[in-house]
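The values are calculated or read from the model by the stated rules, or taken from the named source; none is laboratory data. None of these values were measured; they are calculated from a predicted model. A quick note on method: Cβ atoms are made from the backbone with ideal geometry, for glycine too, and the neighbour counts reach across all protein chains shown.
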Amino acid sequence: MRNDPATELAHTAWPDLPSDALVLLPIGSTEQHGPHLPLDTDSVIAEAVARRAATALPGTLVAPTLPYGASGEHAGFPGTVSIGHEALCAVLVEAVRSLSLWAGRIVVVNGHGGNTATLDTALRLLRTEGHQVASTGCAVPGGDAHAGRTETSVMLHLAPDQVRLDAAVAGDTRPLAALLPELMARGVRAVSSSGVLGDPTGASAAEGRRATDAMVSAAVRRIRAWTVDRRGRLAEPERPLTSRQSDQQVIRP
């Protein structure tokens, strides 16, 4: 699963660091992912996306993964370790300030949705300070919320020996938008006793490979385009016009 060690910051001697390197910093969580997925699921996914993206971006380094995030909504389940928003923000700010002393650009590759608000806050501050930093997520369009078919498929592709399909159960399958008010007020356990938000039924390694490829391709596209919104997130690049579309725009009154 690991790439050429030359892309790994932790395995590189300082004289071998490229000048003004692009550094990818994966961030995940240590939190429950139902009875069938490991606690480090978000970290595994973020690290895999970062490592695979780095192979398409010459000279890129992948920093060690931050394994703890803001996971307070999962506190009702044993195994969850959350450092909270303030601590996470402080870690991100200080890590990027330190990286910026020698790196050219930094991209935080985020594998846990609960980190997003904190990440936005940290990056707004850092970009105000002049740091070349941005973030990109590991979401799959149309995927379910947590430990359902999407994440189970991805883990069957990335770490099949860590998936216990015999223990998989369906949880609350309502869209995340419908669940959020109660999740924010009472936590995941209030809406799902198993911790699953979605349904793992039908998950497969083949589907997980396609989802992973899509996440990696999206990360690479966004990094190459380097279009950063006001929150510090990398945006999808605008699609270039076809010659036909261009002609139509030219003659439009």
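Quick notes on this one:
- For segment 97-119, a residue qualifies if it is farther than 19 Å from His146 by Cβ, of a type in the set (Ser, Thr, Tyr) and either out of contact with any helix residue (DSSP H, G or I) (no Cβ under 9 Å at 6 or more places or on another chain) or assigned to a helix (DSSP H, G or I) (or both), and exactly one does: Ser98.
- When Thr121 is tested against the conditions (1) surrounded by fewer than 20 Cβ atoms within 10 Å (Cβ to Cβ); (2) out of contact with any Cys (no Cβ under 9 Å at 6 or more places or on another chain), the lone failure is (2).
- Sole exception among (1) buried (at least 24 other Cβ atoms within 10 Å of the Cβ); (2) over 29 Å from Pro58 (Cα atoms); (3) of a type outside the set (Asp, Glu) for Val109, by number: (2)
- Residue pairs meeting the criteria (Cβ under 7 Å; at least 6 apart or on separate chains; first on the phi < 0 side of the Ramachandran plot and polar (S, T, N, Q), in segment 96-118; second at pLDDT 95 or above and in a helix (DSSP H, G or I)): Asn110/Ala46; Asn110/Thr116; Asn110/Leu119; Asn115/Leu88; Thr118/His85; Thr118/Leu88; Thr118/Cys89
- Qualifying residue in segment 63-78 (condition: assigned to a strand (DSSP E or B) and more than 24 Å from Ala211 (Cβ to Cβ)): no
- Only a single criterion out of (1) out of contact with any strand residue (DSSP E or B) (no Cβ under 7 Å at 6 or more places or on another chain); (2) part of a helix (DSSP H, G or I); (3) of a type outside the set (D, E, K, R); (4) surrounded by 16 or more Cβ atoms within 10 Å (Cβ to Cβ) is not satisfied by Val140, namely (2).
- From the list Arg231, Arg210, the one residue that fits, being at pLDDT 95 or above and in contact with an Asp or Glu (Cβ under 6 Å, 6 or more places away or on another chain), is Arg231.
- Unmet criterion (only one of (1) over 16 Å from the mean Cα position of the chain (by Cα); (2) surrounded by 23 or more Cβ atoms within 10 Å (Cβ to Cβ)) for His33: (1)
- Candidate set: segment 4-24, residues that are surrounded by 15 or more Cβ atoms within 10 Å (Cβ to Cβ) and closer than 15 Å to Arg52 by Cβ; chosen: the one modelled with the lowest pLDDT: Thr7
- Filter result (in a loop (DSSP other than H, G, I, E, B) and either at pLDDT below 90 or closer than 19 Å to Gly72 by Cβ (or both)) within segment 167-193: Gly171, Asp172, Arg174, Pro175, Gly187, Val191, Ser192, Ser193
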